[in-house]
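Working notes, structure below.
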Amino acid sequence: MSDTQQRPDGPTAHGPADIAGLLTGRIGTTRIPQPATAPVPAPALPAPTRPAAASPGAVPKLAGLPGQLPVAWEVIEALQAEVSAELSAHDPSRLLEEDDRRAQARSMVTKAVAKWSTKYSHGNSALSPAEEHAIGAAVFDAMFRGGRLQGLLDEEGVEDVMVDGLRAHIEYYDRPRRSIDRVADSHAELITWVNRMAGLSGHGERALTQATPNVGFRMPDGSRVTASLLTTRPSVVIRKHRIRQHGIDELVQWGSINPLLRAFLLACVQAKLNILVVGDMGAGKTSLLRALGREIPPGERIATLESDRELYLDEPGPPDKPGPLTFAFEARQSNGEVRAGSASGEVTIGDMFPTALRYNVNRVIVGEVRSTEVLPMLQAMSAGGSGSMCTLHVRRPHAIISRLVQLCTEAGMQTEAANHLIASAIDVVVYLTYLDETAIGGRKHRFVSHIYEVHDVVGEGGRPTTSELFAPHGGEPRAVYRNMPSYIDLLERTGTFDRRWLTQNPEGAWGPPMKLVKR
């Protein structure tokens with residue numbers, strides 16, 4: 001799965017050539033993706049052993065272990081402290097730009113490692129250039145990146161790194177979980193790592209202490225960190241944004257959507273329909289929301305509201321695809337103090353809504369609705385925030401409306417009023433299914449399985465009326481066209497969609513059947 005893919009062209013007209021292309025598995029130049037073959041699982045690595053000492057003359061090598069350092073971690077920390085002190089003396093007022101500061105640090109690290117290696121070689125076999133490079137990279141990582149855990153984060157296919165005390169468990173998208181017995185020498189070292197990463201990320205006030213036993217922040221590479229002292233042992237979970245820079249076309253290539261769904265969802269964005277992306281944990285909701293957000297016309301102005309920054313829609317896009325003017329709001333955790341019954345310094349998504357709306361934005365995008373922020377989100381959609389989007393964690397497709405109603409009632413709204421608000425606010429619901437077959441020799445599958453229309457009317461039982469536009473059919477677990485949306489005229493007015501693509505493509509444009517492991 002390449003990080004740099006050529007962007008296919010989508011459908012742009014109502015001509016018969018486009019329709020014929022769709023029926024043969026193509027829209028424009030977009031090919032139907034073939035099911036990916038599962039890579040051969042990497043052999044499990046033996047648990048690293050701790051070297052006996054950190055002095056240059058007595059550090060044993062860890063021979064034959066891919067990715068392992070030839071020295072104890074104490075050596076890395078000592079070199080890191082030495083270079084950090086030298087860098088601070090060189091730039092005491094931190095006047096250097098960050099890129100220049102890192103370049104200066106790299107030069108200092110290279111010299112410090114070379115000096116240390118010379119001393120080491122007096123009583124030991126000389127280190128190879130590759131080993132010296134590995135030590136230098138580890139020192140730099142300790143200063144500016146993920147330190148001792150960076151090697152795990154750099155592995156291909158990593159989605160989550162979960163540390164329980166001194167033991168780490170690594171989750172991959174294409175193979176089973178791998179465990180490592182020792183990624184820190186003590187619980188105190190792990191806590192120090194958490195607080196160092198918080199400081200590097202500009203969240204130094206979020207220290208993991210007994211007074212603030214839970215912290216969350218972003219690492220310099222954008223990975224999301226959650227750490228706690230309330231577990232049996234200090235624990236850390238790092239969620240890596242493996243596909244942060246990818247868009248809608250990559251989702252087609254990976255089989256999360258097909259060209260027909262791509263055209264349909266892009267038309268929904270262009271038609272400024274309010275979209276709710278739902279699914280279970282790890283289903284790819286944020287990835288789809290991010291991809292749809294990047295398709296918003298550049299002339300618009302949007303606000304993103306997130307508890308943890310994951311959408312990155314405010315970052316510059318490719319030159320040929322500039323995005324809209326984006327104001328990215330991020331919630332803030334409490335500093336641990338409680339005043340007048342509330343957490344001091346805390347700013348929630350719900351708190352940010354009034355400010356965001358005063359920016360006179362065309363759309364509001366919420367990374368994930370979890371609690372009472374559902375009310376301002378739905379009210380913004382209903383009161384003119386056309387084209388707004390958000391995600392919601394729901395385990396099953398049939399529970400979507402119930403989950404929305406539950407959140408609204410928890411926020412203080414009556415059930416009847418909640419049903420009417422939902423009906424007037426949401427136009428499209430996209431459900432993502434997540435199948436994890438890594439434990440039985442397969443891979444993880446993430447794909448759109450259902451798309452619903454929510455009608456602006458309350459039906460029997462006082463609940464919003466919905467219709468199934470796309471759903472599994474026959475032996476196909478992925479979304480296949482079922483019913484024509486009532487807003488099809490709006491989609492066609494965008495100039496990017498043709499209703500005939502739906503009726504003349506009964507198989508749903510998925511191509512070959514999905515290869516699932518037989519149980």
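The values are calculated or read from the model by the stated rules, or taken from the named source; none is laboratory data. Quick caveat: nothing in here was measured; it's all calculated off a predicted structure. Here the Cβ is made from the backbone with ideal geometry for all residues, glycine too, and neighbour counts use every protein chain on show. The accessibility values were calculated without ligands, DNA or RNA, using every heavy atom of the protein model including side chains. Shrake-Rupley method; radii C 1.70, N 1.55, O 1.52, S 1.80 Å.
Annotations for the structure displayed:
- Residues in segment 214-229 that are part of a loop (DSSP other than H, G, I, E, B), modelled with pLDDT of 80 or more and open to solvent by 30 Å² or more (accessible area, probe 1.4 Å): 229 alone.
- Within segment 493-508, being of a type outside the set (A, V, I, L, M), buried (at least 16 other Cβ atoms within 10 Å of the Cβ) and either assigned to a helix (DSSP H, G or I) or at pLDDT 90 or above (or both) holds for 496, 497, 498, 501.
- In the set 309, 294, only one residue is charged (D, E, K, R) and open to solvent by 50 Å² or more (accessible area, probe 1.4 Å); that residue is 294.
- Of all residue pairs spaced 6 or more apart or on separate chains, those with beta-carbon atoms under 7 Å, a first member in segment 131-160 that is more than 23 Å from residue 121 (Cβ to Cβ) and touching a residue at least 40 places away in the same chain (Cβ under 8 Å) and a second member that is aromatic (Phe, Trp, Tyr) and open to solvent by 10 Å² or more (accessible area, probe 1.4 Å) are 147/193; 148/73; 148/193; 157/173; 159/173.
- Selected residue (criterion: nearest to the chain's Cα centre (by Cα)) from residues of segment 230-241 that are crowded, with 21+ Cβ neighbours inside 10 Å and under 19 Å from residue 187 (Cα atoms): 238
- Cross-chain or 6+ apart pairs with Cβ under 8 Å, segment 300-315 first and without any contact (Cβ under 8 Å) to a residue 24 or more places away in the chain and more than 16 Å from residue 349 (Cβ to Cβ), then open to solvent by less than 30 Å² (accessible area, probe 1.4 Å) and β-branched (Val, Ile, Thr): 314/304; 314/326
- Within segment 72-86, the set of residues being over 14 Å from residue 120 (Cα atoms) and in contact (Cβ under 8 Å) with a residue 40 or more places away in the chain comprises 73, 77, 80, 83, 84.
- Subset of segment 146-197 [in contact with a His (Cβ under 7 Å, 6 or more places away or on another chain) and either buried (at least 17 other Cβ atoms within 10 Å of the Cβ) or closer than 20 Å to residue 208 by Cβ (or both)]: 162, 165
- Within segment 109-121, the set of residues being at pLDDT 85 or above and not polar (S, T, N, Q) comprises 109, 111, 112, 113, 114, 115, 116, 119.
- On the stretch given as segment 388-420, residues that are touching a helix residue (DSSP H, G or I) at 6+ places or on another chain (Cβ under 7 Å), in a loop (DSSP other than H, G, I, E, B) and either open to solvent by less than 20 Å² (accessible area, probe 1.4 Å) or in contact (Cβ under 8 Å) with a residue 60 or more places away in the chain (or both) total 2.
- Candidates in segment 95-145 are the residues that are in a loop (DSSP other than H, G, I, E, B), hydrophobic (A, V, I, L, M, F, W, C) and within 34 Å of the chain's Cα centre (by Cα); of these, the one that is surrounded by the most Cβ atoms within 10 Å (Cβ to Cβ) is 96.
- Checked against the criteria, residue 113 does not count as over 28 Å from residue 283 (Cβ atoms) and in contact (Cβ under 8 Å) with a residue 40 or more places away in the chain.
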